[in-house]
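Novice: One structure, pasted below without further comment.
The values are calculated or read from the model by the stated rules, or taken from the named source; none is laboratory data. In this text, all values refer to a predicted model and were calculated from it rather than measured experimentally. So basically every Cβ, Gly included, is an ideal-geometry build from the backbone, and we count neighbours across all protein chains shown.
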There are 2 protein chains.
Amino acid sequence: MNKVDPTLIQDLKAFAGLEQGELERVLDQAHSSLFAKGDAFFREGERAQRFFVLLDGFLQVVRTTENGEQVIMRHFAPGEVFGIAPALNRDTYPASALAVADCVALHWPNKCWQEFANEVPRFVQNAHGAVGERLNDSQDRIVEMATEQVERRVARAVARLVKQAGKPSERGIRIDMPISRQDIAEMSGTTLHTVSRIFSSWADQGLVAVGRQKIEVLSAHKLVTIAEGH
Amino acid sequence: MNKVDPTLIQDLKAFAGLEQGELERVLDQAHSSLFAKGDAFFREGERAQRFFVLLDGFLQVVRTTENGEQVIMRHFAPGEVFGIAPALNRDTYPASALAVADCVALHWPNKCWQEFANEVPRFVQNAHGAVGERLNDSQDRIVEMATEQVERRVARAVARLVKQAGKPSERGIRIDMPISRQDIAEMSGTTLHTVSRIFSSWADQGLVAVGRQKIEVLSAHKLVTIAEGH
DNA sequence: TCAACTGTTTGATCTTTAGCAAACATTTCG
DNA sequence: CGAAATGTTTGCTAAAGATCAAACAGTTGA
């Protein structure tokens, strides 16, 4: 690892609060790789040998059922750690991580985890904090799946995407990533047909402008109303 | 903390692999309390001030939605840590923990967490392993809610209960805890009516014997067939 | 430029499951 | 004991969504 400027990096979530020296210590051992859109960082069930921090791009973490249905567990935007099996004493990755756009990621062999725990404890603490948030998010999502109906779940999925990958546009906020109806369906536990119908209805209400793999939110307020129940 | 015999305790999951000395170190700072059936160990949103190990009894962790619906996130049987907010850098409990039977639990003030991390690292590692499993279980459950229909989800909920609280009986396996139809509904994201109908149908097939807050599985094999899809 | 491919929309139908209502059973307690 | 409270069952109805089928639109590439 050589060419990434530490000062560019220090405000990334994964490295929050690290001092210059700690940061260098961590980056010193890092490898940096490119992953093209569609590439897998790792796959479900694979032996976990390294952990990652996303520097640029966007990725999704996906589980596949026995009958081949996919469920998108979550997306990651730059700055976050992922694939941190060693933090959880796991020896395989529990899901697949796929690049949704071209990505740049740092990664370290698992043995670094223990070293960092001793020498750069803040890094490991940040990771545990992230795990806590993810566990919390997962549980929120279980509650959501157990109690909310489809339109609201879809609204929440879109809201999450807006938060993570929304770019201001002339008329509202554009999700800066090609996302299909099928993707939204896999984020909300429904079918692409139902998503399509919901989007059509939202478009009629002027809430979104949609196109092929394109979603632009015209009224974030209305979206939130649907997502949260006024 | 005085009266609990360390040797009785050392095969509990939370303490797995601890040496005698470490175990005494941990138990030394522990408080021990009784919680009667129905009591709350802590409630959702409350400031997290201590972490727990269940010694005896059975508890459920529950989230409540804005409109008062409950979702049972999971149950805990003796031997497991819970309420470990400090392991995840969280300062409030994200859900409520309720005693389903009379319980005995050890607990420590949060400040012990950091001490244990330094002095009894195995204890903290075990906890992180438990977190990993729970995150994995949560994600399984999201996939389940997103892709399986009600009967299967109910079958899985019953199977989980059998695993955690099943006692062999003459005719099969009895869930050794009063569990209502409503409870099962809150574990599987459906209504008590639907659960009741499913149980009636299972009873007709000789798969279970049910009664008021009572579930006895007569054919674990058939249950698994429904839960896993042959 | 046209064909093949991929993603989207929409109608029609069918299934699953929620919601409502009422009866029933079991337990608890005055 | 009898009344109230709590938990369960079941019929009926309605709604939400899945599934099937077909047409359509935008993209890719020979």
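Novice: Against the definition (within 14 Å of another protein chain (Cβ to nearest Cβ), over 16 Å from the mean Cα position of the chain (by Cα), among the aliphatic types (A, V, I, L, M) and more than 20 Å from B:Lys163 (Cβ to Cβ)), how does B:Ala87 come out, yes or no?
Specialist: Spelling it out, B:Ala87 is indeed within 14 Å of another protein chain (Cβ to nearest Cβ), over 16 Å from the mean Cα position of the chain (by Cα), among the aliphatic types (A, V, I, L, M) and more than 20 Å from B:Lys163 (Cβ to Cβ).
Novice: Assuming B:Gly229 fulfils every condition listed in (1) loosely packed, with under 14 Cβ neighbours inside 10 Å; (2) free of Cβ contacts under 8 Å to residues at least 40 places away in the same chain; (3) closer than 15 Å to B:Arg152 by Cα apart from one, which condition is it?
Specialist: (2)
Novice: A:Val162 is checked against (1) modelled with pLDDT of 95 or more; (2) surrounded by fewer than 21 Cβ atoms within 10 Å (Cβ to Cβ); (3) within 19 Å of A:His75 (Cβ to Cβ) and fails just one. What number does that condition carry?
Specialist: (2)
Novice: Looking at segment A:146-157, can you tell me whether even one residue there is surrounded by fewer than 14 Cβ atoms within 10 Å (Cβ to Cβ), polar (S, T, N, Q) and not in a loop (DSSP other than H, G, I, E, B)?
Specialist: Looking for residues that are surrounded by fewer than 14 Cβ atoms within 10 Å (Cβ to Cβ), polar (S, T, N, Q) and not in a loop (DSSP other than H, G, I, E, B), one finds none in segment A:146-157, hence no.
Novice: Residues B:Arg174, B:Arg152, B:Arg141, B:Arg122: which one is within 16 Å of DNA strand C (Cβ to nearest atom), out of contact with any strand residue (DSSP E or B) (no Cβ under 9 Å at 6 or more places or on another chain) and not polar (S, T, N, Q)?
Specialist: Selected residue: B:Arg152, the only one of B:Arg174, B:Arg152, B:Arg141, B:Arg122 that is within 16 Å of DNA strand C (Cβ to nearest atom), out of contact with any strand residue (DSSP E or B) (no Cβ under 9 Å at 6 or more places or on another chain) and not polar (S, T, N, Q).
Novice: Got a sec? Which of B:Arg171, B:Arg212 is among the basic types (Lys, Arg) and within 9 Å of DNA strand D (Cβ to nearest atom)? Walk me through it before giving the result.
Specialist: Values: B:Arg171 fails: within 9 Å of DNA strand D (Cβ to nearest atom).
Unique residue meeting the criteria: B:Arg212.
Novice: Kindly provide the set of residues from segment B:33-56 that are within 20 Å of B:Ala127 (Cα to Cα) and among the small types (Gly, Ala, Ser), ordered by number.
Specialist: Within segment B:33-56, just B:Ala48 meets the criteria.
Novice: Considering only segment B:89-105, state which residues are of a type in the set (A, V, I, L, M) and surrounded by 22 or more Cβ atoms within 10 Å (Cβ to Cβ).
Specialist: B:Ala95, B:Ala97, B:Ala105
Novice: Next question, about the same structure. Counting only residues that are more than 28 Å from A:His107 (Cβ to Cβ) and of a type in the set (Lys, Arg), which one in segment A:123-173 is nearest to the other protein chains (Cβ to nearest Cβ)?
Specialist: Step by step, filter segment A:123-173, then rank; the result is A:Arg153.
Novice: Answer yes or no as to whether B:Ala203 is within 16 Å of DNA strand D (Cβ to nearest atom), away from every other protein chain (no Cβ under 12 Å), more than 30 Å from A:Glu44 (Cα to Cα) and modelled with pLDDT under 95.
Specialist: Against the criterion (within 16 Å of DNA strand D (Cβ to nearest atom), away from every other protein chain (no Cβ under 12 Å), more than 30 Å from A:Glu44 (Cα to Cα) and modelled with pLDDT under 95), B:Ala203 does not qualify.
Novice: Confirm whether A:Thr191 is within 11 Å of DNA strand C (Cβ to nearest atom) and of a type in the set (Val, Ile, Thr).
Specialist: yes
Novice: Assuming B:Ser180 fulfils every condition listed in (1) within 13 Å of DNA strand D (Cβ to nearest atom); (2) within 14 Å of chain A (Cβ to nearest Cβ); (3) among the small types (Gly, Ala, Ser) apart from one, which condition is it?
Specialist: Of (1) within 13 Å of DNA strand D (Cβ to nearest atom); (2) within 14 Å of chain A (Cβ to nearest Cβ); (3) among the small types (Gly, Ala, Ser), only one is false for B:Ser180: (2).
Novice: Scan segment A:194-214 for residues that are touching a helix residue (DSSP H, G or I) at 6+ places or on another chain (Cβ under 8 Å), closer than 15 Å to A:Met177 by Cα and near DNA strand C (Cβ under 8 Å from one of its atoms) and report the count.
Specialist: 1
Novice: Right, another one. Considering (1) among the charged types (D, E, K, R); (2) closer than 30 Å to A:Arg134 by Cα; (3) part of a strand (DSSP E or B), say which one B:Arg174 fails and leave the rest.
Specialist: (2)
Novice: Only one of B:Ala146, B:Ala117, B:Ala130, B:Ala209 is touching a strand residue (DSSP E or B) at 6+ places or on another chain (Cβ under 7 Å) and over 30 Å from A:Gly189 (Cα atoms); which?
Specialist: Exactly one of B:Ala146, B:Ala117, B:Ala130, B:Ala209 is touching a strand residue (DSSP E or B) at 6+ places or on another chain (Cβ under 7 Å) and over 30 Å from A:Gly189 (Cα atoms), namely B:Ala209.
Novice: Going through B:Leu34, B:Leu18, B:Leu27 one at a time, which residue ends up being touching a residue at least 60 places away in the same chain (Cβ under 8 Å) and over 14 Å from B:His107 (Cα atoms)?
Specialist: Testing whether each residue is touching a residue at least 60 places away in the same chain (Cβ under 8 Å) and over 14 Å from B:His107 (Cα atoms) leaves just B:Leu18.
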